[in-house]
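These notes are about the structure you will find just below.
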Amino acid sequence: MSAHPVATQAFSRNPRPVLRDPASSGNDPGSLVTWYLGLIPHWMGGQSRIRTRVLLRTHQWIVDRVLAPEVSLPTAAAELQPEGALVRALTELVPAGDRDGWRQFIQVVVANLRHALLLPVTRRNEAWVRWLFLIPYSVKAFEPAEPAPVPVAP
C-alpha cells in the first residue's frame, strides 16, 4: 500500500474503498480495523440488547455488501429499499411484540445507509467507511418508556 493515507485517495478508477489488509493493519493506529476495535465498548454497551443486535447486524451487512470486493454498490443499494433485504434482516432480530416500536429506528438506519451509497465515488474513502459504521450507532433508538407510576389513593 502506498504511503498516502486512504482518506486522501480518489477512487475515480475504483468505486470501492481501498482498505488496508486487516492482517497487516491491526497495529497501525490510524487503520480502520484499529478504529473499529477501539469502539467495541460503544457498540456493545450502554444500550438495549435489541439495539446492539441491530447495530452489529448492520455492521455485518456493511462488510458483506459494501466492503466486499465481489459485491457491487448498486446491488447493495437495492437491498436498502424500505421493504428490502436489510430491513427484513434487522426486523427479524426484534421480538414480534416490539417490532412496531423499532420499525422507525430500522427505517432511519436503512435510509441513512441508502443516502451514504448515493455519494459520489470520489467521496468514498476511509472516512466514508467509518461514517457507514457510525450510522446505526448515531440514530436515536426506540427505548420502551417505563410505565407511569400508579397513583395511590390517600
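The values are calculated or read from the model by the stated rules, or taken from the named source; none is laboratory data. The structure presented is a predicted model; accordingly, all values stated were derived computationally and were not measured. All Cβ positions, glycine included, derive from the backbone under ideal geometry; neighbour counts span all protein chains shown.
Here are Leu132, Leu93, Leu67: which of them is among the hydrophobic types (A, V, I, L, M, F, W, C), closer than 19 Å to Arg51 by Cα and within 14 Å of the chain's Cα centre (by Cα)?
Working: Leu93 fails: within 14 Å of the chain's Cα centre (by Cα); Leu67 fails: closer than 19 Å to Arg51 by Cα.
Just a single option satisfies the conditions, and that option is Leu132.
Of the residues contained in region 94-110, none is found to be loosely packed, with under 14 Cβ neighbours inside 10 Å, part of a loop (DSSP other than H, G, I, E, B) and at positive phi.
Scanning region 28-82 for residues that are among the acidic types (Asp, Glu) and modelled with pLDDT under 90, which turns out farthest from Thr122 (Cα to Cα)? Spell out the reasoning first.
In the first step, residues of region 28-82 are kept if they are among the acidic types (Asp, Glu); the result is 28, 64, 70, 79.
Then drop every residue that is not modelled with pLDDT under 90, which leaves 28, 70.
Values: Asp28: 24, Glu70: 20 Å.
The extreme case among them is Asp28.
Which ones in region 74-92 are buried (at least 18 other Cβ atoms within 10 Å of the Cβ) and farther than 15 Å from Val108 by Cα?
Of all residues in region 74-92, those buried (at least 18 other Cβ atoms within 10 Å of the Cβ) come to 76, 79-80, 86-87, 90.
Ala76 - this is the single residue of region 74-92 that is buried (at least 18 other Cβ atoms within 10 Å of the Cβ) and farther than 15 Å from Val108 by Cα.
Could you tell me which residue of region 43-62 is farthest from His115 (Cα to Cα), considering only residues that are hydrophobic (A, V, I, L, M, F, W, C) and surrounded by 12 or more Cβ atoms within 10 Å (Cβ to Cβ)?
Narrowing region 43-62 to residues hydrophobic (A, V, I, L, M, F, W, C): 43-44, 50, 54-56, 61-62.
Checking which are surrounded by 12 or more Cβ atoms within 10 Å (Cβ to Cβ) leaves us with 43, 50, 54-56, 61-62.
Details: Trp43: 22, Ile50: 24, Val54: 19, Leu55: 18, Leu56: 20, Trp61: 16, Ile62: 14 Å.
Only one residue tops the list, namely Ile50.
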